[in-house]
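The block underneath contains the structure these notes are about, expressed in structure tokens.
Just so it is clear, none of the values below were taken in a lab; they were calculated from the coordinates. This one's a predicted model, so the numbers in the text were calculated from it and none came from an experiment. Note that we place each Cβ from the backbone using ideal geometry, even for glycine, and neighbour counts take in every protein chain shown.
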Amino acid sequence: MKPGEYFVAHRSRMNGLIAGTDATGIFGSSANDTFGSANERFHFNTATHSLLYDSNGSAAGGTQVALAVLENGGTVDATHIHMV
């Protein structure tokens, strides 16, 4: 993503988000779709360039959904996700 570009996540639609913050502390990335902890809500797959969300991270019972697939090798980190 380019500087100044970001995703907006609405806390009423996604559990555990705090308005006015970015995804620091609830974001992870790896070359697969595996969330690293039960606290992780957003995960960026560096192999497929997919941004994923799961309401309870690696804990059982959550539903993982793809929010976006970035083309042309784009990357995402915690500062690219803002909660409102």
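Over the C-alpha atoms of the range 7-83, what are the Rg and the largest Cα-to-Cα span, Dmax, in Å?
Reported Rg and Dmax, both Å: 11.4, 33.
Just THR34, THR21, THR46 to compare: in a GNM of the chain, with alpha carbon springs under 10 Å, which one fluctuates most?
THR21
Name the long-range amide H neighbours of SER29: under 5 Å, sequence gap of 5 or more, or other chain; modelled H, no Pro or chain starts.
PHE44
Relative to the present Cα-Cα distance, how much length would full extension add between THR24 and ALA60 at 0.36 nm per residue of separation?
Between THR24 and ALA60, full extension yields an extra 10.7 nm.
Report the one residue of ALA68, THR21, HIS43 whose Cα lies farthest in the direction of the positive end of the charge dipole of the chain (charges on C-beta: Lys and Arg +1, Asp and Glu -1; origin at the Cα centre).
Farthest towards the positive end: THR21.
Between SER37, SER50, SER29, which gets the highest mean-square fluctuation from a Gaussian network model of the chain, Cα cutoff 10 Å?
SER37
Run the dipole for the chain about the Cα centre, Lys and Arg Cβ at +1, Asp and Glu Cβ at -1, nothing else charged, and hand back the magnitude in debye, nearest 20.
200
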